[in-house]
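Quick note: the coordinates plus some simple rules give every number you see, no bench work behind them. In this text the structure is predicted, and so the values were computed from the model without any measurement. Neighbour counts are summed over all protein chains in view; Cβ atoms, including those assigned to glycine, are modelled from backbone coordinates with ideal geometry.
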């Protein structure tokens, strides 16, 4: 387990695992699956784009299971991962305050250095909140925009049972 893994790194690792598994299924045509029943109405199987059987009909899956498997084929998994990576990129970790603002506070002398250091180390979501160009250090004002934002926390929620998931990320 990576001790200091942040939520973005955690998500990237989980998506990398899923992406590798989906790509290992074959070429683009082999990654598109469908459910069919051509032998018996209760005997379903899942086939890939080449017509090869991916999941056999020997006692399982049911029609609902075959449809679910086909709807979550490798092509759909790859598209889902791509979309989630783009969402995460939009909700990237960003500094709360610009370097110019922190420098003005240092030269102005009216903000204690420990508060400046804390402000410089804190982060917000680049999408949910724009960098504060010139504001007083007010933790209450900033709390709703801390990183990770609710969107990033929700992206991690499906992995809550993973051993590296952190309770602090819970939505």
Mean separation of Cα contacts under 8 Å, 6 or more apart, over the residue count of segment 7-90: relative contact order %: 29
Theoretical gain in end-to-end length, residue 85 to residue 113 [0.36 nm per residue, Cα-Cα removed]: 6.4 nm
Fewest-first sequence of 124, 161 by Cβ atoms within 10 Å of each Cβ: 161, 124
Additional length obtainable on full extension of the chain from residue 170 to residue 67, 0.36 nm per residue less Cα span: 34.0 nm
Ascending count of other beta-carbon atoms within 10 Å, so fewest first, for 101, 151: 151, 101
Sequence of 154, 71 once ranked by neighbouring C-beta atoms within 10 Å, starting from the fewest: 71, 154
Angstrom value of the Kirkwood radius, inverse mean 1/r, which spans all Cα pairs in segment 7-90: 13.8
FRET efficiency, 1/(1 + (r/R0)^6) with R0 22 Å, evaluated for residue 146 and residue 17 via beta carbons: 0.20
